[in-house]
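The structure under discussion appears below in the form of structure tokens.
The values are calculated or read from the model by the stated rules, or taken from the named source; none is laboratory data. Being a predicted model, the structure only gives us computed values, none of them experimental. Here the Cβ positions follow ideal geometry from the backbone for every residue, glycine too, while neighbour counts run over all protein chains shown.
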Amino acid sequence: MALCTVTGIVYLPTGEPARSRVFVFIPATRSIYPDNFGGVLPDPVWVKTNRDGLLSVVLLTGTYVVQSEVYSGSVVVPDAES
């Protein structure tokens, strides 16, 4: 288990960047909670894209439910070795 920085541009279904949108990352696996890792991360993790649609967030490896006004789904943050 490690801390990973996830960075990328988020696009709307129309193909345009998701500018200034808030995304909420909620841990879906009990084992990735910060107290089990010894790290300090908010739960859930809230992050907002910039004016270009760029999202950058630091997460522990594991599975997250991701929600926003434009997206709802899941995301897997792999270990650095994978």
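Quick rundown of the values:
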| quantity | calculated |
| --- | --- |
| Subset of segment 53-79 [part of a loop (DSSP other than H, G, I, E, B) and exposed (fewer than 12 other Cβ atoms within 10 Å of the Cβ)] | Glu69, Pro78, Asp79 |
| Test: residue in segment 26-45 that is among the aromatic types (Phe, Trp, Tyr) and modelled with pLDDT of 80 or more | no |
